[in-house]
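A.B. asks: So that we are looking at the same thing, I have put the structure below in structure tokens.
The values are calculated or read from the model by the stated rules, or taken from the named source; none is laboratory data. Being a predicted model, the structure only gives us computed values, none of them experimental. Neighbour counts are summed over all protein chains in view; Cβ atoms, including those assigned to glycine, are modelled from backbone coordinates with ideal geometry. Ligands, DNA and RNA are excluded from the accessible area calculation, which covers all protein heavy atoms including side chains. Shrake-Rupley method; radii C 1.70, N 1.55, O 1.52, S 1.80 Å.
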Amino acid sequence: MKKGLLIFFFLLSICLTNAQDAAKTQFMNQPWKMHHIDRQFYNHNSLSPGDVNGDGFDDYCVIHEGPDLVTILFNPGVNNNLYHAWEKIVISKGNNVEYGYLGDLNGDGNLDVVYVNGEASVVKIIWGPDKSMVKDPLKWVDAGPIPSSINQGLYLYVETYDINQDGALDIVTGGRRHPSGKLNGLIWYEAPKNIKERKDLSKWEMHSIDPDLLSGHGFVIEDLNKDGHADIVVANPDWDTPDNEDQVLWYENPGPHTKPIKDPWKKHVVMENQQLFAKPQVGIGDINKDGKTDLVVQSDNYVFYLEQQANTDDWKVNKINKPEITRWVTRPLKVVDIDGNGKLDIVGATIHNYGYTPFGKASVFWMEYLGDKPGTDNWETHVIKWSDGIFTGNTFNGEKWDHLRFVDLDKDGDLDIIGNCEEYYKRESSDRKTLLGVVWFENPTINP
């Protein structure tokens, strides 16, 4: 009898192990389930999280470049509506709107929106109402431009952060050369310390971190040298950045109570590389677990894992060969533990090349390193979404991923991905029908 039980449990363990292995194999090799949640309008640009209505779930500010709309996309919470189109309102209309971001800018406890207009060369704030009224578009008040932001070059990107640690949320912007010839560079707008003055936009002071930066798109705010102050990391390639000036850079915050914080910051060059496509993103994290922050950036054919050495002026460049399925024009790149095994992974996405992404490419993917330490030849790549393989015939219309955000949307214990895809629509008579817009990918993680 005991022998029979032992055989039974042995066979059962084999079956369970096989089932577990099969499930893990499916997780590794099969695309994730994708849920469409917003296809209103077209050119979904920016994806800024924040709990606008105070229900405990992050909502999102989404910009529509083209229709020039500023919108709020409301997270329905954990229910069936999570898998269908989310409720959405339009809170303002801009002029060549490029990017938007949420933050409590006037200190009243409610989230506001800052958005940047590109060629119109201006930064604007929309004051948010009390949480009980956020779904009424008329309650959002567009306060107009910050005077000091006018005609400062072409704005591309914006975030909110308390740069000088005075308790007031500031605004950080990045841009490129305006058709007029003026460079935008990297700028922070200092909020008035006095809470009563923050709605007076003339009180917001402009400070240029680098007026000569060729492109500040997609910067990342991070305390890179671990001195307690928020530094800024960015890759500068753009359409008009000369190839021989393509760089990955970081700007050193001189400290919150110093005069130099209002002057241009010290610039550090991490890497010079002519292979990077326009507006690349930089992923940040301690990948090798040595206590120092590492960086990753990708080209068409490689992921460059930039390993910080003794200090933040010393970097080892590790060149990781991308598999054929991810060798394409790229932009989004993040560092996150996507499979929950305690090791940081790389999550990336591709964009169309003048209207075309071929079949057989992974348009969204993740990479894990095998073994104890990340190197150059021990990375395995897994597909999250295959490309649609559409050739639109239009230079500015194709599958173009913009941002990837990581959150446990369905509250099942693993990180899902919410992403926005801009410039991707088909024409129906005079209308544009968005093909992807904002979606979320359901993580099928098998816990290790």
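A.B. asks: Please check: in the Gaussian network model of the chain (C-alpha springs, under 10 Å), which one of 377, 416, 339 has the largest mean-square fluctuation.
C.D. replies: Comparing 377, 416, 339 in a Gaussian network model of the chain, the most mobile one is 377.
A.B. asks: Please work out how much accessible surface residue 36 shows to a 1.4 Å probe, ignoring ligands, DNA and RNA, in Å² rounded to 10.
C.D. replies: Approximately 60 Å² for this residue.
A.B. asks: Ok, one more. Tilt of helix 2-29 relative to the longest C-alpha principal axis of the chain, in degrees (0 to 90, nearest 10)?
C.D. replies: With both axes taken from Cα atoms, the answer is about 40 degrees.
A.B. asks: Could you identify which residue out of 371, 413, 228 has the top mean-square fluctuation in a GNM of the chain using Cα springs shorter than 10 Å?
C.D. replies: 371
A.B. asks: Please list the radius of gyration and Dmax for the range 164-294, considering alpha-carbon atoms only, with Å as the unit.
C.D. replies: Reported Rg and Dmax, both Å: 15.7, 49.
A.B. asks: Report the gain in length on full extension from residue 165 to residue 310: 0.36 nm times residue separation, minus Cα-Cα distance, nm rounded to one decimal. Show your work: numbers first, answer last.
C.D. replies: Working: separation 145, 0.36 × 145 = 52.20 nm, distance 2.75 nm.
Fully extending the segment from residue 165 to residue 310 adds 49.5 nm.
A.B. asks: With the contact rule set at Cα under 8 Å and sequence spacing of 6 or more, what percent relative contact order holds for the chain?
C.D. replies: Computed over the chain, the figure is 13 percent.
A.B. asks: If you don't mind, there's one more thing I want to ask. Quick check for you: which residues of the range 225-240 have the amide N under 20 Å from the point 7 Å beyond the Cα of residue 119 toward its beta carbon?
C.D. replies: 238-240
A.B. asks: Using +1 at the C-beta of Lys and Arg and -1 at the C-beta of Asp and Glu, which of 134, 393, 315 has the Cα lying farthest in the positive direction of the dipole of the chain?
C.D. replies: The listed residue farthest towards the positive side: 393.
A.B. asks: May I pose another question? Assuming 0.36 nm per residue, please report the length gained on full extension of the stretch residue 432 to residue 81 beyond their Cα-Cα distance.
C.D. replies: Net length gain for the segment: 123.9 nm.
A.B. asks: Among the listed pairs 33/426; 226/266; 289/373; 267/322; 361/400; 193/262, give every one whose C-alpha distance is greater than 18 Å.
C.D. replies: The answer is 33/426; 267/322.
A.B. asks: Using a 10 Å cut-off on Cβ atoms, rank the peptides 323-334, 143-154 from the highest mean neighbour count down.
C.D. replies: Values: 323-334: 19.5, 143-154: 17.5.
The packing order, highest mean first, is 323-334, 143-154.
A.B. asks: Under a GNM of the chain (C-alpha, springs under 10 Å), which listed residue has the highest mean-square fluctuation: 93, 343, 259?
C.D. replies: 259
A.B. asks: Excluding ligands and nucleic acids, what accessible area in Å² is computed for residue 315 using a 1.4 Å probe, to the nearest 10?
C.D. replies: Rounded to the nearest 10, that gives 30 Å².
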